[in-house]
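The values are calculated or read from the model by the stated rules, or taken from the named source; none is laboratory data. All values derive from a computational prediction rather than experimental measurement. Note: ideal-geometry Cβ built from the backbone for every residue, glycine included; neighbour counts use all protein chains shown. For accessibility, only protein heavy atoms count, side chains too; no ligands or nucleic acids. Shrake-Rupley method; radii C 1.70, N 1.55, O 1.52, S 1.80 Å.
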Amino acid sequence: LTEKMAFLRRQVFWTLLLPAWVAAWREWPHSGEGDSKWKRNWLSKENQNMSYWGGPGGRYGHTMVLHDTQIVLFGGRNDEIQKTHVPKTYAVKNNKGTVDISSYWEPVYDCDYLLRKAQFIKPNATLDDIDCNNTLKERSIIDTTFLWNDVWMYDLNCTREWQKGCTSENEQWQVLHEGAVDGGCKNVVEGRGGTREICTVPSERYFHGAAKFSDSTMLIYGGFSHRCEEYCDDVWSFDLRYGKYRWTEIYPLDHFSSENGPGRRMKFSSVTDGISMAIFGGMSLWDGYLKEGDALGGDGKAEGVGGGPNLGKGRGGGYLDDFWVFRKRPLTRGWGGMNHYMEDVKLSNDFTHGGGSDPENYASYWEMNPVDSGDFGFWERVNSTVECEASYNMESESWEDRDNKFCRTFWPTGRAGHTAVLDVSKGKRSGMWLHGGFTSYFPYPAASTSGDRASPFGSTMSYLDDLWFFNFTEIYDEYGGTFHHSGGKWVRIRPIGPFQPNGRMEHTLLLSQDTLLLQGGFAINHHFNDTWIFNITSMRWLHKQLFERARYPPNCTSDMEFIEDEYSGCFELEWPKDRERDPYEPFDPYHDRQQKWFAPNFNRENRSNNYYGIIDRGTHIEIAGATAPDGTPMVPYAKTGPNQWVRNASYEEALRLGLDIHNVSVYERCTSVYGVPTRNTLLDGEYGRSSKPVNIAQPKRQRYGWDGCRDRYDNRSDLPHTLQWDHPSQRSGHTAVYNDDYGVMMVYGGRGPAREEPYKLTNTFEFQVKQDFWQFSIHNCQNNCSNHGFCSYG
């Protein structure tokens, strides 16, 4: 017993030290305030109608990477905002082959224009009739896209209260870089009168890619931006080492040719091992036909591994299926060469966390972020592998056909809005998972032709639900990287079982040991809010529907709230006393009327006090004098099951019946429900079986499955009438990261309907951009509070 008690004490001690990651899904209250530069950029009077209440604000299509325990967020798109714009006429001129705007003239429309337009319909119209000033004001307000290029940080290693996010104001979202409007770009005059555009930060963008490298730099690639005039292919590096927090443009737009780089695109997937970054697919604009009158390129045929046309030998457009790896040279310490790289990475962690090294000597230890591309890195395309096997049939084919082979290529079809995650588990797997996305032919073939013409809209669109795995070869480069694809190949995963997520795009997919975590997304006019777990070992999908925190309806209550009220008068019953027996043979039990603490118990001092027993909560004694049957266990020794509570109701019942208070003894249950262990069993009184149902009083709990706790809390009839749980609302375009040390997935932002909406093809519901922050703990279950058993991956 002493050893057991010591063990329990140790268990309690360690339980108190556990971090407060206790809920399956839990929204984290968060805040944070940008500095004066950030406010000047993004909270100006021009943007005052933007929805914002602290922290990074609403955004979707942003990226998040994990730097140790810090979440680093960049870019994204917010709700559309309104700006004032008065179009004017202008003149252009040819300046040595460059088209320049020479001057702006008068506004396109003014009061005279509006009056002439009104008089065309009503000849006698006047300025008073057209309300010129208000009309011009209304026409000058336009809706425009709001994009971000700021950098925020949230550190998970913070002070937290039970089941809450970081509590200190100094441990909320912090601005690492305020960004700049239009990328801080300026035209700089160079020699011989030439100009060149210089930008200080990446231009505002969304649906780009981000990767955090082991030398504490974050690379940004691609996405949509106004300054790119479509999609981007520039590469930027953000220095996360010891508070440097500055941007460097590594490769400008269109630096690489179509053979040497992936080109402009958005909505692609990207993964990194800290040394290299791999991207797959995405969407790119089609730049036009290569030859006049030729719809699909030089030979009129589609090129590329899968999916739609690749437009001859030029850079392809549409939904892409190409696979690229960017190999980055890691920054080194003191320009000491790359042989010291792994030692330098360890040293950099000391600087990052203030581990006692002198920040003033920072530059002497670490190579600074390059100011030009140089040998910073290069792109390499992953080519498909063809598998062939002999197909010669001796019985049906001739001898000349003996060398025939059947060849095929396993490769995901072109797609955008899909998601991917790296899986490098030593001794298990070395590769990349890819799921879902959207695809269509682009340029869209006209439905009425054989494909030699194009249409502006697609007639064949598909939201994908396929799951793929790309096997990297087990080779490591001199920097420790794992992205060696020579001999690697794609494998289509066929899950076991009838259930799997619907096809979707713009969702999240993360890895936790031997499971994949999938959440949200969009498909066919509907935003999802579901959570799925894929067991890599069993190859099965689990639809996670029960979580720990439920949104209970008003009639779902707990008896313990009433019991624990200090004014309730409730006390817990004890087990009945043993029945007394004759001390002489044959030791028969005494008659009920002779037993102590069994009705009517004439051994009590007040034998005239009638014992009515225990009545149900909210009921009353039916008939005066209808006392409890002889032999009934008496309070407080009347327990028939664990956790049974009663209160003395003698005074109320005596007043109600008009009886002397000294002549009534009755108790009321503080619990409201009964457990029925004999339910669905044989009741015949034979072989120890009961002849009637056994009812055991017990407290009603506010738990899933109890009466009143299985219904929607909002009573909406257009959605399933089942219990709702706390989890992120319907959304897509959100971003998530997974921290293995804490076993949590953190989700921020996205876009979706303002409230949960049913799946309807006939209605497109108004959506809003989200600015909430969620945590999903993989090792907490719906019954976690019982501390019985072990909860693994929900």
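The single condition from (1) more than 13 Å from residue 734 (Cα to Cα); (2) at pLDDT 85 or above that residue 787 fails is (2).
When the residues of the range 223-234 are narrowed to those that are crowded, with 24+ Cβ neighbours inside 10 Å and in a loop (DSSP other than H, G, I, E, B), which ends up nearest to the chain's Cα centre (by Cα)? The extreme case among them is 223.
Table: residues versus (1) under 30 Å from residue 758 (Cβ atoms); (2) among the polar types (S, T, N, Q).
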residue	(1), (2)
527	yes, no
535	yes, yes
538	no, yes
557	yes, yes
560	no, no
568	no, yes
576	no, no
579	no, no
583	no, no
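Which ones in the range 488-527 are farther than 22 Å from residue 283 by Cα and of a type in the set (Phe, Trp, Tyr)? Correct list: 499 only. Residues considered: 736, 654. Of these, the only one that is touching a strand residue (DSSP E or B) at 6+ places or on another chain (Cβ under 6 Å), open to solvent by 10 Å² or more (accessible area, probe 1.4 Å) and small (Gly, Ala, Ser) is 736. Filtered by the rule that a residue be at pLDDT 85 or above and either among the aromatic types (Phe, Trp, Tyr) or more than 25 Å from the chain's Cα centre (by Cα) (or both), the range 460-488 gives 463, 468, 469, 470, 471. Can you find a residue that is part of a loop (DSSP other than H, G, I, E, B) and over 52 Å from the mean Cα position of the chain (by Cα) anywhere in the range 641-655? Yes, because at least one residue in the range 641-655 is part of a loop (DSSP other than H, G, I, E, B) and over 52 Å from the mean Cα position of the chain (by Cα). Taking the numbered list (1) closer than 22 Å to residue 704 by Cβ; (2) surrounded by 19 or more Cβ atoms within 10 Å (Cβ to Cβ); (3) in contact with a strand residue (DSSP E or B) (Cβ under 6 Å, 6 or more places away or on another chain) in turn, residue 548 passes all entries but (3).
Checking each residue in the range 166-222 for being part of a helix (DSSP H, G or I) and either in contact with a helix residue (DSSP H, G or I) (Cβ under 9 Å, 6 or more places away or on another chain) or open to solvent by less than 30 Å² (accessible area, probe 1.4 Å) (or both) picks out 181, 183, 184.
If I ask for residues that are polar (S, T, N, Q), more than 30 Å from residue 765 (Cα to Cα) and either open to solvent by 90 Å² or more (accessible area, probe 1.4 Å) or assigned to a loop (DSSP other than H, G, I, E, B) (or both), which ones from the range 682-724 would you list? Correct list: 690, 691, 695, 702.
In the range 163-174 there is no residue matching the filter, namely being more than 30 Å from residue 738 (Cα to Cα) and among the β-branched types (Val, Ile, Thr). So is residue 667 under 11 Å from residue 573 (Cβ atoms), in contact (Cβ under 8 Å) with a residue 60 or more places away in the chain and not aliphatic (A, V, I, L, M) or not? No. Looking only at residues in the range 412-431 that are more than 19 Å from residue 504 (Cα to Cα) and not small (Gly, Ala, Ser), the one that is surrounded by the most Cβ atoms within 10 Å (Cβ to Cβ) is 423.
Selection of the range 235-279 for residues being over 19 Å from residue 203 (Cα atoms), surrounded by fewer than 21 Cβ atoms within 10 Å (Cβ to Cβ) and among the polar types (S, T, N, Q) yields 257, 258, 260.
From the list 669, 679, which residue is among the charged types (D, E, K, R), modelled with pLDDT of 85 or more and open to solvent by 80 Å² or more (accessible area, probe 1.4 Å)?
That would be 679, the only listed residue that is among the charged types (D, E, K, R), modelled with pLDDT of 85 or more and open to solvent by 80 Å² or more (accessible area, probe 1.4 Å).
Residues in the range 494-529 that are open to solvent by less than 20 Å² (accessible area, probe 1.4 Å), assigned to a strand (DSSP E or B) and more than 22 Å from residue 742 (Cβ to Cβ): 521, 523. With respect to the stated conditions, residue 606 fails to be crowded, with 18+ Cβ neighbours inside 10 Å, at pLDDT below 90 and over 60 Å from the mean Cα position of the chain (by Cα). Screening residue 414 on (1) modelled with pLDDT under 90; (2) closer than 30 Å to residue 272 by Cβ; (3) in contact with an Asp or Glu (Cβ under 7 Å, 6 or more places away or on another chain) shows it passes everything except condition (1).
Contact annotation: residue pairs with Cβ atoms under 9 Å, 6 or more positions apart or on different chains, pairing a residue in the range 368-389 that is closer than 14 Å to residue 248 by Cα and open to solvent by 50 Å² or more (accessible area, probe 1.4 Å) with a partner that is at pLDDT 65 or above and part of a loop (DSSP other than H, G, I, E, B), are 368/244; 368/331; 374/329. Against the criterion of being of a type in the set (Val, Ile, Thr), modelled with pLDDT under 65 and in a loop (DSSP other than H, G, I, E, B), residue 345 does not qualify. Checking every residue in the range 573-589 against the condition of being part of a loop (DSSP other than H, G, I, E, B), surrounded by 15 or more Cβ atoms within 10 Å (Cβ to Cβ) and in contact (Cβ under 8 Å) with a residue 24 or more places away in the chain gives at least one match. The C-beta contact set for the range 639-654 (first residue within 15 Å of residue 571 (Cα to Cα), second residue among the aromatic types (Phe, Trp, Tyr) and loosely packed, with under 15 Cβ neighbours inside 10 Å, distance under 7 angstrom, 6+ apart or interchain) comprises 639/575.
Per the listing 615, 563, 524, 536, the residue uniquely of a type in the set (A, V, I, L, M), touching a Cys at 6+ places or on another chain (Cβ under 7 Å) and in contact (Cβ under 8 Å) with a residue 12 or more places away in the chain is 563. In the condition set (1) among the basic types (Lys, Arg); (2) assigned to a loop (DSSP other than H, G, I, E, B); (3) closer than 24 Å to residue 610 by Cα, residue 679 is compliant with all but (3).
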